[in-house]
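A quick write-up on the structure given underneath.
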Amino acid sequence: MNQQQNDQKACSLCGGSANLVYKEMNGYVEGTKYDVYECANCSSSFVDPMSNLKEEYNIIYGGDNTKDAGYNYYYYLAKGVKSLKNPFKDLENYCAIFWV
């Protein structure tokens, strides 16, 4: 297999051609490494290998102990967004990252 084939993968979202943008990025769990790809078609990013390590997700999202979560803010935001009548508009007023 040549290097070009290693530097491209099919996008996990749209199926387009995704290019390697970062090789062996450290994960949240010591010893884990991921390659990061960006899709030329839809601009989404994803990692390879895809992981579902419970330990890693607990570090990021906090599992049952959300006060220690890396994304604690997003946990509470996701929990509360279900009760909003117009989530995008309400989130736009709440935080600049959601401007539409």
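Some points to look at:
- Meets criteria (at pLDDT below 80, more than 16 Å from the chain's Cα centre (by Cα) and either in a helix (DSSP H, G or I) or loosely packed, with under 15 Cβ neighbours inside 10 Å (or both)) for GLY80: yes
- Residue check for GLY70: modelled with pLDDT of 75 or more and outside any helix (DSSP H, G or I): no
The values are calculated or read from the model by the stated rules, or taken from the named source; none is laboratory data. Keep in mind the model is a prediction, meaning the values are calculated, not measured. With ideal geometry, Cβ positions are generated from the backbone for all residues, glycine too; neighbour counts draw on all protein chains shown.
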